[in-house]
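The values are calculated or read from the model by the stated rules, or taken from the named source; none is laboratory data. Treat the numbers as computed from the prediction; the structure is a model and nothing was measured. Methodologically, a virtual Cβ is constructed for each residue, glycine included, from the backbone with ideal geometry; neighbour enumeration extends over all protein chains shown.
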Amino acid sequence: MENKFSRRSFLALSAVTAVGLSGCTTVARNIPIIDVGPDGLPIAPRPTAPAPNAATAAALGSYATMYAAVEDGGFSLPAIPIQKIDPKYLRQIVPDPTGEQPGTIVVDTANRFLYLVREGGQAIRYGVGIGRAGFAWSGRAIIQYKRKWPTWTPPAEMITRQPELAQYSAANGGMAPGPKNPLGARALYLFQNGQDTGYRLHGNPEWWSIGKAMSSGCVRLMNQDIIDLYDRVPAKTPVLVM
C-alpha cells in the first residue's frame with residue numbers, strides 16, 4: 001500500500017520523535033560554579049559533550065568521530081564543537097516518521113530536520129538551517145547531480161541586495177571552492193520534471209546556523225554532515241521537501 005501522510009501528521013510525528021529521543025542524549029544544563037579563576041571570578045566547567053543514543057552509536061559511531069576535523073579534497077575542515085550544538089540537530093538514527101520509501105530524502109523545513117529513510121523503519125536524521133530560499137519551494141524532486149567543493153554563484157537578486165557580492169557573479173566565475181564558500185564541501189542540486197528548482201542541499205561552514213532560519217540560502221547542513229549524506233545517496237535520489 002502506498003504510504004501517505006499530511007503535513008500536519010508529519011510534523012506531529014516529528015515532534016513526538018524529538019521528544020521521545022531527548023532522553024537518549026546527555027547534555028549539561030544549569031552547570032554549577034565549582035572553581036575560581038586567577039582574577040577571582042567564578043569559572044564554570046566545560047560543557048559535557050552529548051552522547052549518541054544506542055542505535056546511533058552502533059550504526060554511526062561517536063559524535064567526536066562524526067564531527068572530527070577532516071582533510072578533504074585538499075581543504076581542511078575544523079572539528080565541530082558539538083557541546084555547543086543542541087543535540088537534536090546532531091546526526092542520529094531515529095524511527096522514520098515519514099512513511100517514505102527507503103532511500104528517500106525528506107526535508108522538514110519547519111522543524112529543521114533532514115531525514116534519509118532507511119530499511120527497517122529507521123532514518124538518519126540531520127539538523128539543517130533554512131534560508132529564505134529554503135522556504136520558497138516545496139514538493140517532490142530528484143537529485144539531478146552532485147558536486148564536491150562546488151563553486152558558489154549568488155543569484156542576481158542577492159547581488160542587488162548586497163552589491164559587494166558582484167565579484168562572485170556568474171559573469172565573474174563565481175566564488176572558488178573552499179572552507180569559506182557558502183555551499184561548503186558538497187552540494188546536491190534538485191530538479192523537478194527535468195527543470196532546475198533552484199533548490200540546493202549543501203554544506204556550510206557556519207555550524208551555529210543549524211536549526212535556525214537565516215537570511216539567505218536553501219537547506220544547509222554542517223560540512224561533516226553533507227559529506228556523510230553525499231556519500232550515502234546517488235544521483236536520481238528522490239527528495240520530498242515539506
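With the condition kept exactly as written, say whether any residue in segment 148-168 is within 25 Å of GLY61 (Cβ to Cβ) and modelled with pLDDT of 90 or more. There is at least one residue in segment 148-168 that is within 25 Å of GLY61 (Cβ to Cβ) and modelled with pLDDT of 90 or more. Among the conditions (1) on the phi > 0 side of the Ramachandran plot; (2) within 12 Å of the chain's Cα centre (by Cα), the only one that ILE210 does not satisfy is (1). When SER169 is tested against (1) touching a Cys at 6+ places or on another chain (Cβ under 9 Å); (2) over 26 Å from LEU90 (Cβ atoms); (3) not charged (D, E, K, R), exactly one condition is not met: (1). A residue that is of a type in the set (D, E, K, R), without any contact (Cβ under 8 Å) to a residue 12 or more places away in the chain and surrounded by fewer than 16 Cβ atoms within 10 Å (Cβ to Cβ) occurs nowhere in segment 146-153.
Residue count for segment 213-242 satisfying the condition of being more than 15 Å from the chain's Cα centre (by Cα), modelled with pLDDT of 95 or more and among the hydroxyl-bearing types (Ser, Thr, Tyr): 1. Restricting attention to segment 127-138, does a residue exist that is out of contact with any Gly (no Cβ under 7 Å at 6 or more places or on another chain), over 19 Å from VAL241 (Cβ atoms) and of a type outside the set (Val, Ile, Thr)? The answer is no; no qualifying residue exists.
For segment 124-141, the tally of residues that are among the small types (Gly, Ala, Ser) and within 14 Å of TRP208 (Cβ to Cβ) stands at 2. The residue that is farthest from the chain's Cα centre (by Cα), among those in segment 144-168 that are closer than 25 Å to SER76 by Cα, in a strand (DSSP E or B) and not hydroxyl-bearing (Ser, Thr, Tyr), is TRP152. The criterion of at least 3 residues that are in contact (Cβ under 8 Å) with a residue 12 or more places away in the chain and buried (at least 22 other Cβ atoms within 10 Å of the Cβ) is met, among strands (runs of 3 or more DSSP E) falling completely within segment 71-143, by 105-108, 113-117, 122-127. Highlighted here are the strands (runs of 3 or more DSSP E) found entirely within segment 169-242 that include at least 3 residues which are in contact (Cβ under 8 Å) with a residue 60 or more places away in the chain: 195-204, 219-222, 238-241.
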